[in-house]
1. Sort 714-721, 540-547, 640-647 by the packing proxy (mean of other Cβ within 10 Å over each peptide's residues), most packed first.
2. With all protein chains present, calculate the accessible area of Arg136 using a 1.4 Å probe and round the result to the nearest 10 Å².
3. Equivalent ellipsoid semi-axes for the stretch 1-86, as square roots of 5 times the alpha carbon gyration tensor eigenvalues: give them largest first, rounded to whole Å.
4. Cα centroid distance between the stretch 314-363 and the stretch 482-506, in Å?
5. Only Cα pairs under 8 Å and at least 6 apart count here; give the relative contact order of the stretch 206-271 as a rounded whole percent.
6. Determine the share of the chain's accessible area contributed by carbon and sulfur atoms, expressed in whole percent, with a 1.4 angstrom probe.
7. Using label points projected 7 Å from each Cα along Cα→Cβ, tell me how many nm separate Asp68 and Lys696, to one decimal.
8. Would you list which lysines come within 19 Å of Lys372, measuring only between C-alpha atoms, while excluding same-chain residues fewer than 8 positions from it?
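The values are calculated or read from the model by the stated rules, or taken from the named source; none is laboratory data. Bear in mind that the values here come from a model prediction, so they are computed numbers and not experimental data. Glycine also receives a Cβ, built like all others from the backbone with ideal geometry; neighbour counts cover every protein chain displayed. With ligands, DNA and RNA removed, areas are computed over all heavy atoms of the protein, side chains included. Shrake-Rupley method; radii C 1.70, N 1.55, O 1.52, S 1.80 Å.
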Amino acid sequence: MEKLKCVVPDRLKRRVEESHVDDLPSLSSSLLQLFLSLPQFHQLISELAAEPATQAGLCGKNEGAALDLKEKGNQCYSSGDHSQALRCYSQLQALRLAPIDAHHTGKNLVATLYLNRASLFHKMGLSMESLRDCSRALEISPSYPKVWCRRGKVNATLGNYEDSVHDLSVAKDMEPSIGGKKQIERELDMLARHHEKKIPKPASQKSVEIPEIKLQCVKTPDKGRGMVSQFDIPQASLIHAEEPYAVVILKHCRETHCHYCLNELPADTIPCFSCSLPLYCSQHCQVRAGGPIHIPDTMVGSNFKPTLECIPEHKHECQGVHWPAILPSDVVLAGRVVVKTMEQKGQFTDVPNLSETLGLCESYSKMSPESKLELHIYSIVLLFCLHHSFSSELSINGDSASQIVILLSQIRVNSIAVVRMKSNTNDSYDQQDWFQNFSFGEAEAASSVEQVRVGQALYKAASLFNHSCLPNIHAYFISRTLLLRTTEFVSGGCPLELSYGPPVGQWDCKDRLRFLEEEYFFRCWCRGCSEVNESDLVISGFCCVNPNCSGVILDNLVANCEKQKPKVPETISNESHLQVHELKDIDIKKVANISLDQTQSSFHVGSGYCLKCGSYCNFASRSKEVKKAWTDFRRLQDSIASKDTCGTNLTDALRSLGLLRSILHAYNKGIAEAEDILAKAFCFIGDFEPARDHCKASIEILEKLYGPNHIAIGYELAKLASIQLALGDCTAVYNINRLSAMFSTYYGPQAGIIFPYLLVLERERSRIIQ
């Protein structure tokens, strides 16, 4: 793409820089004519959208490579290297590369690969995965006796006696050799003598709640459209649930998460039948994704019939072409939106007016010249790719390209990152003596929590909810479904607002403002950004040089940002960003001399001067000391990551913690992070008492920054409770109660699904109470 940018003449670049939405059709036509005259553009389109027969095979099927990986997997299986065998069958793409109509030694290759993997899973003790693979093989090749036999053995392992007898009987009838029939008869005799009829418990199906709160879209003078309720909404109420209009998996998650539901992939992943790009967690997701499933009629005995209606989400990408794998995720998402909209409208010649269909705001006019040019290039490239892969009737003209430009600008500011909670959790949830046999390091590893971005999606209705750095609703996901839940009591008519980025407590005001302006093109005037609050003052502040003063000292950038807070533009409505509960700044007068009245906050801010007593400090020299101290913590983190002995690094970090506490304000987030690193280090060496103390110290600071009931505190309480349980400390019950209440508020009944370790902690709480 950079090569195409370089060939755009300056006169066109100036037009792009000065362009507005109304200029897009003419400008897109000019750029289109330019690219059509360039050989390098046609070469690019050929590489991205060429027919599979002309490709090197980036996304296409490859029978030869699949056979090579199959043989390598078989060798690893025979030698006992089960993990490498699984990599050959699954992760190294034998199943992904095998064409559905390929045969080897008289058997369908895909069915054989499923059988081989099923045998491997059975050997590894993964019976359910083995059973599913057997069923997949039989759907493709139902007259395959070895698969029937394997499934019979797996059903016997699972205690499914009747199913096992049925499968083995079918295998016996199909088996052509006398020796094979006798072997199956012995299996049946053994099963009849030793079976125990067990009825497996059906998996519990936890359906997503249905919101009962009626919302309405209103217009506000400062934020445009927004969502409110006419009635009071209790805390922890589910107010909205929505499936995406379109969604795409992010590139870094393609090997780890399902390309449809975005959940983590199990061991028995399923590939697309027609290309080698997607992986799915189940046949359900495979079919729902819309990948075309074409089983040639020449496949003898095949009765493979999809049981679910296809949604053509991946269908237009499923030609073995390169562009879905190479283009950025937001461009691929735009392609899915265009295709879905055209299919809904039943017209395939011109890209429709997507603004009318989606009802989303665009950000084109606010973008930088470089970003605008990038959108134009990607829109033309995507238009050509869709012409090749989706509809040859699709017109390639300035109007269609300009619609995609607008769509890409809408995606930039309206798409939502689909996230998953990731914890380095011990897998042995079902061991009753898990905590009694706590090995060193597990207290930290069991509850190290972070949010991981796995997908990018458009939710039409959810895009109407406005932003606040002090939100009163929380967004989370069950599979692809977006759910919004209130985190506090919300009065009728009060705006329902979520945070588009880091909230108060995670970043200071200047960083939040810069993020929102760069990513969403607006200046935030929510209460967190227009009124003075303790969190923004102390989160990166230094302590006063006067040891008897609790005031805070700010650097120049933070001080300048705080000076602007009382200067709220007259166009900003005070009522539009009122929250029901005021921010609990109970200690704000301890850190700054501040006068508060009913309308605004005002105080004198000076960089390098204490906001309470006015004492001055040399900010630059103290910053150097802080930077030097942090090198010790980085070394300690590296030791933990590489599983080295902490020894000297731990001693150095403890000394540097004292230095940080002598320079940084007591509520500075850097101290909380340092305390957390030390807690992890002591867990790593199995010394849980200091680990508990450092974890508590970190939480005390974070409670000042976020507030005591924020979900961020819940994640930290999970760590603390784990350490307390490892010590046999019964006060863990109190902290488990706290975090259970927080997770219930933020995630409702799905809390245990989203954060499974919560169930482990609650089970241990019950054990202690009993």
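1. 714-721, 540-547, 640-647
2. 20
3. In descending order, the three semi-axes are 49, 15, 10 Å.
4. Result: 31 Å between the Cα centres.
5. Dividing the mean separation by the residue count of the stretch 206-271 yields 23 percent.
6. Values: 17610 of 34840 Å².
Carbon-and-sulfur percentage of accessible area, whole number: 51.
7. Label at Asp68, label at Lys696, 6.1 nm between them.
8. Lys3, Lys5, Lys13
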